[in-house]
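Working notes, structure below.
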Amino acid sequence: MELEGKIAVVTGGASGIGQNLAERFHTEGAAHVVVVDRDEDGAKAVAGSVGGTGVGCDVTDEAAIADIVATTEKDIGPIGLFVSNAGYVTLGGLEAPVDDLNRMFEVHVLAHLYAARAVIPHMVDRGEGYLLNTASAAGLLSQFGSLHYTITKHAAVALAEWVAITHGHQGIKVSVLCPQAVHTNIGPNSPDADRMVGTGADVAGADGTLTPDAVSDTVIEALREERFHVLPHEDVAEYVKRKGADVDRWIGGMQRWQNSMFPPDQHPATWLTGA
Ligand SMILES: NC(=O)c1ccc[n+]([C@@H]2O[C@H](COP(=O)([O-])OP(=O)(O)OC[C@H]3O[C@@H](n4cnc5c(N)ncnc54)[C@H](O)[C@@H]3O)[C@@H](O)[C@H]2O)c1
């Protein structure tokens with residue numbers, strides 16, 4: 001798929017990866033970019049810089065997402081690409097409140113479902129359309145120090161796979177973006193920002209922390225080639241291969257790596273059981 005002349009919607013577009021994608025889609029010749037974020041001022045500022053439309057919305061509000069899709073289709077034109085990207089990270093293991101997991105599931109998974117079921121019927125009518133869903137390398141592998149992030153990003157990958165399998169014959173293309181660490185505001189925006197600094201959860205940066213520009217480079221290339229996995233960190237493809245080839249060996253390697261990342265008295269296991 002080429003961005004030239006397309007109308008794109010980007011959630012979580014006020015900051016980080018989403019902001020960069022909105023800007024890149026504009027320079028790639030998109031006809032219009034709708035920037036959605038619960039940070040309404042931020043969404044409007046990014047939209048203003050690309051001649052698009054900024055909308056303040058929490059992506060877990062299904063009616064609001066449906067309204068953005070309907071209004072865009074009616075007033076701006078056919079949505080060629082819907083990017084479900086809004087997200088955040090927390091720290092915690094088995095001890096973390098289930099309410100927190102449910103909230104994150106709404107943002108990382110149900111928001112993707114709400115967008116897909118609002119926009120796909122329009123796309124199917126036209127015989128084409130593209131969904132790009134931001135998950136994480138944690139959705140293919142694991143996230144040390146964050147059980148909730150690991151669960152919800154795996155579910156986001158599963159949802160994207162299911163939609164690709166089920167709606168592909170109707171002309172719906174799906175890609176899932178799975179980066180490791182990227183320089184964005186995800187750390188400072190985290191409800192656990194104070195606890196995260198200097199912990200083993202920084203392991204996401206073990207293969208280097210990319211700029212959002214580099215992530216957008218890979219996204220544009222993957223959209224062009226219509227690849228399902230969008231992996232800005234090339235090593236992730238190899239890790240996925242190793243996990244698939246021998247999952248017991250992979251778990252052993254991850255155990256050793258996690259043990260080396262956290263001092264024994266701060267290991268995520270101790271958050272439940274004590275030191
Ligand atoms: N930065 C990384 O290292 C990294 C790595 C892998 C995956 N990701 C994923 O990339 C996506 C973008 O994150 P980022 O790194 O650019 O972080 P960021 O904090 O810079 O941007 C995330 C944006 O999403 C918005 N947002 C969060 N919850 C929302 C909600 N309920 N409704 C509407 N908007 C909401 C925030 O206001 C923010 O503008 C997330 O899904 C994140 O999990 C990030």
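A short reminder: the numbers here are calculations on the coordinates, not readings from a lab. None of these values were measured; they are calculated from a predicted model. In this analysis, Cβ positions are derived from the backbone assuming ideal geometry, glycine residues included, and neighbour counts consider all displayed protein chains.
Taking every alpha-carbon pair under 8 Å whose residues sit at least 6 apart, the stretch 7-232 reaches a relative contact order of 19 percent.
PRE reach from GLU221 (point 7 Å along Cα→Cβ): which of the stretch 172-194 fall under 20 Å by backbone N? Output list for this probe position: 174-183.
Counting other beta carbons within 10 Å of each residue's own, what order do HIS148, HIS26, HIS108 fall into, fewest first? All intermediate terms of the calculation are to be shown ahead of the outcome.
Values: HIS148 23, HIS26 20, HIS108 30.
In increasing order of surrounding Cβ atoms, one gets HIS26, HIS148, HIS108.
Over the chain, DSSP H runs of length four or greater, each weighted -39,500 (n - 2.57), average out per residue to a 222 nm ellipticity of -14500 deg cm²/dmol. Each of ARG227, ARG126 was scored by other Cβ atoms within 10 Å of its Cβ. Arranged with the fewest first, they read ARG126, ARG227. Over the stretch 1-115, the reciprocal of the mean inverse Cα-Cα separation, the Kirkwood hydrodynamic radius, stands at 14.3 Å. Kirkwood radius for the stretch 1-50, taken over all pairs of different Cα atoms as the inverse mean of 1/r, rounds to 10.3 Å.
At 25 °C and a viscosity of 0.890 mPa s, what translational diffusion coefficient does Stokes-Einstein give for the stretch 97-153, taking Rh as the Kirkwood radius over Cα pairs? Give it in µm²/s as a whole number. Walk me through the intermediate numbers first.
On the way: Rh = 12.7 Å.
Approximately 193 µm²/s, per Stokes-Einstein.
Stokes-Einstein diffusion for the stretch 19-84, with the hydrodynamic radius set to the Kirkwood value over Cα pairs and evaluated at 37 °C in a medium of 0.692 mPa s, equals 276 µm²/s. Direction-averaged projected area, Cα convex hull, the chain: 14.0 nm², rounded to one decimal. When you count the other C-beta atoms within 10 angstrom of each residue and take the mean per peptide, 167-173, 151-157, 44-50, 68-74 line up highest first as 151-157, 44-50, 68-74, 167-173. Ordered from longest to shortest, the equivalent ellipsoid semi-axes for the stretch 141-265 are 27, 18, 14 Å, each the square root of 5 times a Cα gyration tensor eigenvalue. Going by neighbour counts of Cβ atoms within 10 Å, the residues LEU131, LEU147 line up, fewest first, as LEU147, LEU131. Lysines within cross-link reach of LYS243: Cα-Cα under 19 Å, excluding same-chain residues under 8 positions apart? List returned: LYS153.
Net charge dipole, the stretch 7-232: roughly 380 debye, given to the nearest 20, about the Cα centre with Cβ charges of +1 for Lys and Arg and -1 for Asp and Glu.
For LYS74, a cut-off of 29 angstrom between C-alpha atoms picks up these lysines, skipping any fewer than 8 places away in its own chain: LYS6, LYS44, LYS173.
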